[in-house]
Amino acid sequence: MEEMLSNVFKALGHPIRRNILDLLKQSPKTTGELNESFPEVTRYAIMKHLTILEEGNLIVTRRKGKFKLNYLNAVPLQDMYNRWVGKYMQPTANSLLNLRSVVEKKGDGKKMTETNKSFHIEQEIFIDGSREQVFKALTEKVEDWWEFRLAPKHLSSQFTFETVPGGQFMEKWGENAGAVWGTVYYVNAPEEIRVQGHLGMQGAVNSAYTYKLIDKDGGTVLQLSHTASGVIQENWEQDHKHGWEYLLGTLLKKYVENKA
């Protein structure tokens, strides 16, 4: 953990690298696009900055055709926040990240803009536990750490996650009430599971997310990919980025590492 934090501080130590993260916060960029954003810097220097950001786990890369896309991975920043800021705050402050706000937005009087567009979120989290432990927490024990609920606030609810093709990730409250958070369409335990589900988004939206688990340095790297398209409200991408950072980078990580 200390080495990982040292790499994060090193990555944040140069203004160009901080500017690169600002650009990636807006949207993923190819290496060529990032190079064009800094005409005063050589391509070699940009590549070196990207390598340092990767070592700090602040960016993740995915290949799309002949291009390599760079994505912001804010989870290490969430770890820093939890270490030096979060523990001094009331736990309820985390409700600001609650995905429920994506669904309800009750009583705020604000107009929400809807447009046909898409978003793609990529995040990586290192967890000090085996793939089997992480996969079990993601599926069999999801109720123990998954904080967000679609049930009415005055009711308690329970989660089930059927890890077979066609199985459902479901929240139930009462005899005849509940919600499907996702439907499994691919599973290869304990390496990967792919799910289709709205995750709190309503309306004409296609949404799918994937968990991939990779052995690394005696622990597990959890790779999240989440893609959504359709009638997307303007705040949904940021809400889900923050929601995933909190769910996986804080709640799941803490749950597994405390159990290990």
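The values are calculated or read from the model by the stated rules, or taken from the named source; none is laboratory data. Owing to the predicted nature of the structure, the values given are computational and were not obtained by experimental measurement. In this analysis, Cβ positions are derived from the backbone assuming ideal geometry, glycine residues included, and neighbour counts consider all displayed protein chains. In case anyone asks, the SASA skips ligands and DNA or RNA and just uses the protein heavy atoms, side chains included. Shrake-Rupley method; radii C 1.70, N 1.55, O 1.52, S 1.80 Å.
Which distance in Å, rounded to a whole number, links the C-alpha centroids of segment 1-30 and segment 129-174?
32
What ranking of Lys66, Lys136 comes out by heavy-atom accessible area, probe 1.4 Å, highest first?
Details: Lys66 165, Lys136 95 Å².
Output order, biggest surface exposure first: Lys66, Lys136.
Working from Cα positions, state the angle (0 to 90°, nearest 10) between the long axis of helix 15-26 and the longest principal axis of the chain.
Relative to the chain, helix 15-26 is tipped by roughly 40 degrees.
For the chain, take the longest principal axis of its alpha carbons; what is the angle in degrees between that and the long axis of helix 236-246, to the nearest 10 within 0 to 90?
Its long axis makes an angle of about 90 degrees.
Mind checking the angle between helix 75-84 and the chain's longest principal axis? C-alpha axes, 0 to 90 degrees, to the nearest 10.
The two axes meet at around 80 degrees.
Rolling a 1.4 Å sphere over the protein heavy atoms, what is the accessible area per residue of the chain, to the nearest Å²?
Working: 13950 Å² over 260 residues.
Dividing the accessible area of the chain by its residue count gives 54 Å².
Between Asp22 and Ala177, what FRET efficiency follows from the Cβ-Cβ distance if R0 is 30 Å, with the result rounded to 0.05? Don't jump to the answer; show the numbers that get you there.
Numbers: r = 43 Å, r/R0 = 1.45.
Approximately 0.10, to the nearest 0.05.
Counting only helical runs of four or more DSSP H residues, what would the 222 nm mean residue ellipticity of the chain come to if each run contributes -39,500 (n - 2.57) and the total is spread over all its residues?
Values: 10 runs with 86 residues, N = 260.
Using -39500 (n - 2.57) per qualifying helix, the result is -9000 deg cm²/dmol.
Carbon-plus-sulfur fraction of the accessible area of the chain, 1.4 Å probe, in percent? Don't skip to the end; give the middle numbers.
Working: 6910 of 13950 Å².
About 50 percent, which is the carbon plus sulfur part of the accessible surface.
May I ask you to rank Arg63, Arg194, Arg131, Arg43 by accessible area, largest first, using a 1.4 Å probe over the protein chains only? Intermediate values should be presented prior to the final figure.
Numbers: Arg63 160, Arg194 75, Arg131 45, Arg43 125 Å².
Largest accessible area first, the list is Arg63, Arg43, Arg194, Arg131.
Please work out the Cα center distance from segment 224-247 to segment 198-223, rounded to the nearest Å.
Each part reduced to its Cα centre gives a spacing of 11 Å.
Given a cut-off of under 8 Å on Cα pairs at least six residues apart, what relative contact order in percent is computed for the chain? Please report the intermediate quantities before stating the final value.
Working: 437 pairs, mean separation 51.9, N = 260.
Computed over the chain, the figure is 20 percent.
Just check the chain against the gyration tensor rule for me: Cα atoms, a ≥ b ≥ c as the square roots of the eigenvalues, rounded for a/c under 1.5, and otherwise prolate or oblate depending on whether a/b exceeds b/c. If you can, show how the numbers build up before the last one.
On the way: a/c = 1.63, a/b = 1.39, b/c = 1.17.
The shape class here is prolate.
Can you give the FRET efficiency to the nearest 0.05 for Lys117 and Glu162, using r as the Cβ-Cβ distance and R₀ = 41 Å? It would help to have the intermediate numbers written out before the result.
Working: r = 32 Å, r/R0 = 0.77.
So, using R0 = 41 Å, E works out to roughly 0.85.
Starting from the Cα gyration tensor of segment 1-83, take the square roots of the eigenvalues, sort them a ≥ b ≥ c, and report rounded, prolate or oblate (rounded when a/c is under 1.5, otherwise prolate if a/b is larger than b/c, else oblate). Kindly include the intermediate steps, with their values, before the conclusion.
Numbers: a/c = 1.99, a/b = 1.53, b/c = 1.30.
Prolate, since a/c reaches 1.5 and a/b exceeds b/c.
Output the peptides 216-227, 3-14 sorted from most to least packed, where packing is the average of other Cβ atoms within 10 Å over each peptide's residues. Before the final figure, lay out each step's value.
Values: 216-227: 17.3, 3-14: 14.6.
Descending mean neighbour count gives 216-227, 3-14.
R0 = 51 Å: FRET efficiency of Ala45 with His154, Cβ-based, nearest 0.05?
Details: r = 57 Å, r/R0 = 1.12.
The computed FRET efficiency comes out at 0.35.
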